[in-house]
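Reviewing the structure listed below.
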Amino acid sequence: MSDPTPSARALALAEEASFDFAIGDEAGALAKLAAAVAADPACFEAWLAKAEVHFAAGQYDEALAAGEQALALRPKDIHIHTSMSRIWMERGDKTKAEHHGAQARILGWGDQLKEPEGKQPGEL
């Protein structure tokens with residue numbers, strides 16, 4: 001069997017990193033996320049996870065750098081705007097934090113409008 005594509009490898013590493021982070025291994029998670037973005041610099045999931053792990057570790061500059069990469073890849077993703085809002089708030093820039101918070105709310109409203117009438121978000 002051949003090696004997985006860089007994209008598949010990056011996603012697999014991002015998933016493994018999420019598990020590592022969940023069990024408290026931030027260093028292991030960050031190592032896997034660094035390998036993931038090296039394998040596929042366009043892996044949004046890896047950049048988003050990298051931003052979150054750095055944020056949790058109090059490494060706000062690194063969180064911001066990773067978040068900006070994720071945002072460039074998916075500027076209309078609610079999760080990255082939420083993360084960026086939290087990062088900017090910790091960095092003390094309330095204006096940028098509010099901007100990203102507003103973007104997340106707008107994207108959330110858009111998702112709600114896409115739901116069929118009478119159906120609540122999360123219902124099957």
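Taken together, the values in this text are just the output of simple stated rules run on the coordinates, not laboratory data. For clarity, every value in this text was computed on a predicted model and none was experimentally measured. Cβ coordinates were reconstructed from backbone atoms using ideal geometry, including for glycine residues, and neighbour counts include every protein chain displayed.
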(message) Suppose a student asked you for the relative contact order of the chain, using Cα pairs under 8 Å spaced at least 6 residues apart; what percent would you report?
(response) 16 percent
(request) Compute the length gained on full extension between residue 38 and residue 56: take 0.36 nm times their separation in residues and subtract their Cα-Cα distance, giving the result in nm to one decimal. (result) 4.3 nm
(request) Treat each spin label as a single point 7 Å out from the Cα along the C-beta direction, and report the residue 106 to residue 68 distance in nm. (result) 2.1 nm
(request) Let me have the 222 nm mean residue ellipticity of the chain computed from DSSP H runs of 4+ only, each contributing -39500 (n - 2.57), with the sum over all residues rounded to the nearest 500. (result) -24500 deg cm²/dmol
(request) Mind putting together the pair-distance distribution for the chain? All Cα pairs, 5 Å bins, whole percent per bin, short to long. (result) 2, 12, 18, 18, 17, 14, 11, 5, 2, 0, 0
(message) Between 58, 24, 101, where does the largest GNM mean-square fluctuation fall for the chain, given springs only between Cα atoms within less than 10 Å?
(response) 24
(request) Any chance you could check the Cα centroid distance between region 3-48 and region 92-114 for me, in angstrom? (result) 26 Å
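Fewest to most neighbouring Cβ within 10 Å: what's the order for 7, 83, 18?
Lowest to highest Cβ neighbour count: 7, 18, 83.
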